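Dumping the structure here so I can ask a few things about it.
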Amino acid sequence: STVGGDEHRPYTTWVGAGGAEWSPTSELSMKLDLSYIKSDQTQDNRSVNMDSAPGLTWSTNRLVDGAPHQLTFTGPSLSDPNNFVFRDYNNGTNQTWDDKGYAAAFSGAYSMDGLFNKIKFGTRYAHQQSLYTNVNFTGRPLTTDGKGLVAITRANGIKVGSTSLWELAPTNFLRGDAGYSGGYVVYQPDALLGDQVKNNFPNAGILAQGAYLENLGARRFIRENTTAVYGMGEFSAMDDRLKGNVGVRVVRTEGRAIAKIADLRPGAAAGAVVDNVRDTSYNNVLPSANVTYDITKDFLARFGYGKSLTRAALGDLNPSITANVTAGTATVGNPDLRPLTANSFDISLERYFSPTNYVAAAVFDKEINGFFNAIVECQTLPVVYTGGQSNSCSNGQWQVSRSVNAEKGYARGVELSGQYFFDSSYGMLNNFGLSGSYTYVKTSNPVNFGTAAAPRIVDTPQPFQSKNNFSISGMYDDNKLSARVVYTWRSPAILFGVAPSPIDGRYIGSYGILDASLNYEIAPNLTLSFNGSNLTDKALNRFVGEPDTYETGLERQHFGNGRTFSIGLRYKFGGK
C-alpha cells in the first residue's frame, strides 16, 4: 500500500504590548506593562491510500545492520499505476485552535540606605483561553460502489492507471538515507485540494468543503486566570563582599475546563453529548534567595535557591471521557492536575583571572514534586459498564487511563565551565579564545506501572534528559571582527517516557552539532553577520530500547534536519 498526502497549516498571531514608566522621586521608580495576544491556527491534513492490484506479490529484503535499515523490493514495478487500486480517503487532522490572552503587570523599586538597599515589588494578572474544534473524518472508500475495498479480489476497486490522479514519489527521499529512496506511485497532492476528491469519487460520501460535521466529542475549552504578587529585597554587607536578594511570589490560579462528552445516562439519545464542566483553583507560594560572597577579589562563591512551577498543558486539563463500551475501557482527562513544582538549590565557585578568563564549578539539586504520569485504574463513570468482555474491574467499573500528579523525583548533577582569551603576549594567538562546559545530570522520575490500588513503582530517568552534555567553543574578538565555532554534544536520552517493556521503549541517540557565526563591523553602527547551523548535518534519530539499560542501536525513525546558512546586515540607529 502507498499513501499520498497534503497538509496545510496556516496560522496567524497578533501581539500588542505597551506600557509606561514613572519615577516620582530619585528613590522610587514604577512601571506598568500591558499585553495582548491572539493566535489562530488550522491544520488540514488529507491523504489517499492505495493498495496493490489483485494477485500481485513482492519480495522484501531488509538489511538491519547499521542505521537506518535498508529496504529493497523485488516484483512488479512500484512506479506502474496499473499495479495499484484506490482504497480510501482520509481527512485525518482537520482541526482548529482559537487562542487568546492578555496580561497586566505593575512593578516598582525603592532604593534606600542600610542592609537592604533596594526593595522591589509588583503584581501581575494574566488571562488565557483556548478553544479547540475538530472536523476530521477517515475511511471514505474510493471504490465503484462506495463500500470498503473487497479483500484479495479487489472486485470493486478502481485502477489507479485509469485516472490521471497519480504521480511518482520523489526518488531522493531523505537523499536515500532513510533506507528506501522512493519512486513509487502516490496520489497527487494538488488533486486533494478543495472538493476534487469528492467530485472524482461521488460514491465515497464525502461532504463538501466547509460543510464537514464537527466531532463534538473532541471539542474542548480551557480558561485560566492567574494573579500574582511578589516582593524582593536586595542587600549588601561587609563592604559589598556579601550581596544578594531574597523574595517571595504568591500565585493564585483559577481555571475552567469544558469538554463535550458522550451522554451515557439511561435513556439518552444515541450520539448525544453533554458539557462536562470543571472548575479548579489553587495557590502556590514561591520563595527565592540568591547570595554571592567574595572570598577574595577574584574568587566568588554563589548560592541560589528558588521554588518554581510548571503547569500542565491546557490540552491535558481537558475533562474529556472517551469510552469503549465493548471493552469496558476509557480514557479520561484530568482538570485536577496540579503544577509540577521544584525546589532548586545551586552552589558554585568561580575564579576570575581577568575580566574575560575564568573557571567555575557548580553542583545543583532540583527536588521535583508532581510529575505528570499516566496510570490505569478501575473507576466509576456516570454509567455502569455492562458489557460481557472482561476489563479486570468489578461492580460495573471501567478500566480508566488518565494522567495524575505522581511521586517525587529529582535532577542532580555537577557543571564545570571555563573561558580563556589569549592576550598580546601570545603573539599571533592574540584575541583568540576557548570556552567550554561539561554537565553531568542524574534524574529520577518514579512511574507507576501498576494501578492506583496496586502500585508498582519503578524509578526511571526523566524524558529528554541526557546524562552527559558538553560544549566547546573557539572564539575570536577584536574591534571589528567577532567569530565563534561551537560544538555541542549530548549522550542518549529517553524520548517520551519509559515503556513497561524495554523493547517498546524509544530513545534519542547521542549526537553532536557544530555551529558557527561571524560578525564584522563594516562601518560604525553597520554590521555584516553570517551564521551556519548544524554544519555536520546531524539529527535526533530515534532508536528502539532505553539508554544505558537497553540500547539496541536499532533505528526506529531517521531524520534529516539539514544545514542552515544565513547572512544579514544590521544597522543600529542613535549611536553606540
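The values are calculated or read from the model by the stated rules, or taken from the named source; none is laboratory data. This one's a predicted model, so the numbers in the text were calculated from it and none came from an experiment. Backbone-built Cβ (ideal geometry, glycine too); neighbour counts: all protein chains shown. With ligands, DNA and RNA removed, areas are computed over all heavy atoms of the protein, side chains included. Shrake-Rupley method; radii C 1.70, N 1.55, O 1.52, S 1.80 Å.
Could you tell me how many of the residues in the stretch 382-419 are aromatic (Phe, Trp, Tyr) and either closer than 30 Å to residue 433 by Cα or open to solvent by less than 30 Å² (accessible area, probe 1.4 Å) (or both)? Can you show your working first?
Filtering the stretch 382-419 for residues aromatic (Phe, Trp, Tyr) gives 385, 398, 410.
From what's left, either closer than 30 Å to residue 433 by Cα or open to solvent by less than 30 Å² (accessible area, probe 1.4 Å) (or both): 385, 398.
Summing the residues that are aromatic (Phe, Trp, Tyr) and either closer than 30 Å to residue 433 by Cα or open to solvent by less than 30 Å² (accessible area, probe 1.4 Å) (or both) in the stretch 382-419 gives 2.
Return only the number of the condition from (1) farther than 22 Å from residue 134 by Cβ; (2) assigned to a strand (DSSP E or B); (3) touching a Lys or Arg at 6+ places or on another chain (Cβ under 9 Å); (4) open to solvent by 50 Å² or more (accessible area, probe 1.4 Å) that residue 54 does not satisfy.
(2)
Which pairs do you get when a residue that is within 16 Å of residue 203 (Cβ to Cβ), found in the stretch 153-164, comes within reach of a residue that is surrounded by fewer than 16 Cβ atoms within 10 Å (Cβ to Cβ) and acidic (Asp, Glu), reach meaning Cβ atoms under 8 angstrom, with the pair 6+ apart or on two chains?
Partner pairs satisfying both residue conditions: 156/145.
Filter the stretch 167-192 down to the residues that are in contact with an Asp or Glu (Cβ under 6 Å, 6 or more places away or on another chain) and open to solvent by less than 30 Å² (accessible area, probe 1.4 Å) and list them by number.
Answer for the stretch 167-192, where residues must be in contact with an Asp or Glu (Cβ under 6 Å, 6 or more places away or on another chain) and open to solvent by less than 30 Å² (accessible area, probe 1.4 Å): just 192.
Determine whether residue 365 is in a strand (DSSP E or B), without any contact (Cβ under 8 Å) to a residue 60 or more places away in the chain, within 26 Å of residue 446 (Cβ to Cβ) and charged (D, E, K, R).
Yes.
Right, something else. Being open to solvent by 60 Å² or more (accessible area, probe 1.4 Å) and either in a strand (DSSP E or B) or acidic (Asp, Glu) (or both), is that true of even one residue in the stretch 200-212?
No - not one qualifying residue is present in the stretch 200-212.
From the list 394, 348, 390, 354, pick out the single residue that is part of a loop (DSSP other than H, G, I, E, B) and at pLDDT 85 or above.
Working: 394 fails: at pLDDT 85 or above; 348 fails: part of a loop (DSSP other than H, G, I, E, B); 390 fails: at pLDDT 85 or above.
Result: 354 is the single residue among 394, 348, 390, 354 that is part of a loop (DSSP other than H, G, I, E, B) and at pLDDT 85 or above.
Further question: Name the pairs whose Cβ atoms lie under 7 Å apart, with the first residue in the stretch 195-222 and touching a residue at least 40 places away in the same chain (Cβ under 8 Å), the second of a type in the set (D, E, K, R) and part of a loop (DSSP other than H, G, I, E, B), and 6 or more positions between them or separate chains?
Every condition considered, the pairs that remain are 203/145.
All but one of (1) touching a His at 6+ places or on another chain (Cβ under 9 Å); (2) over 30 Å from residue 312 (Cα atoms) hold for residue 212; which doesn't?
Of (1) touching a His at 6+ places or on another chain (Cβ under 9 Å); (2) over 30 Å from residue 312 (Cα atoms), only one is false for residue 212: (1).
Quick one: which strands (runs of 3 or more DSSP E) lie wholly within the stretch 477-576 and hold at least 1 residues that are open to solvent by 50 Å² or more (accessible area, probe 1.4 Å) and aliphatic (A, V, I, L, M)?
Passing ranges, in order: 481-490, 511-523, 526-533, 550-557, 564-571.
From the set of residues in the stretch 312-349 that are of a type in the set (A, V, I, L, M, F, W, C) and within 22 Å of the chain's Cα centre (by Cα), which is most open to solvent (accessible area, probe 1.4 Å)?
Filtering the stretch 312-349 down to residues of a type in the set (A, V, I, L, M, F, W, C) leaves 312-314, 317, 321, 323, 325, 327, 330, 332, 337, 340, 342, 345, 347, 349.
Cutting the leftovers down to within 22 Å of the chain's Cα centre (by Cα) gives us 312-314, 317, 332, 337, 340, 342.
Numbers: 312: 13, 313: 57, 314: 41, 317: 22, 332: 23, 337: 9, 340: 32, 342: 11 Å².
Out of the qualifying residues, it is 313.
Give the residue, chosen from 47, 29, 79, that is closer than 29 Å to residue 195 by Cβ, touching a residue at least 24 places away in the same chain (Cβ under 8 Å) and either touching a His at 6+ places or on another chain (Cβ under 9 Å) or not in a loop (DSSP other than H, G, I, E, B) (or both).
Working: 29 fails: closer than 29 Å to residue 195 by Cβ; 79 fails: either touching a His at 6+ places or on another chain (Cβ under 9 Å) or not in a loop (DSSP other than H, G, I, E, B) (or both).
Of 47, 29, 79, the one residue that is closer than 29 Å to residue 195 by Cβ, touching a residue at least 24 places away in the same chain (Cβ under 8 Å) and either touching a His at 6+ places or on another chain (Cβ under 9 Å) or not in a loop (DSSP other than H, G, I, E, B) (or both) is 47.
Check residue 279 against each of (1) surrounded by 15 or more Cβ atoms within 10 Å (Cβ to Cβ); (2) closer than 30 Å to residue 380 by Cα; (3) among the charged types (D, E, K, R) and name the one condition it does not meet.
Just one mismatch for residue 279, condition (1).
Can you confirm whether residue 121 is under 39 Å from the mean Cα position of the chain (by Cα), within 30 Å of residue 248 (Cβ to Cβ) and modelled with pLDDT of 95 or more?
In short, yes.
Now a separate question. If you take the residues of the stretch 215-248 that are modelled with pLDDT under 90 and assigned to a loop (DSSP other than H, G, I, E, B), which of them is least open to solvent (accessible area, probe 1.4 Å)?
Filtering the stretch 215-248 for residues that are modelled with pLDDT under 90 and assigned to a loop (DSSP other than H, G, I, E, B), the one least open to solvent (accessible area, probe 1.4 Å) comes out as 215.
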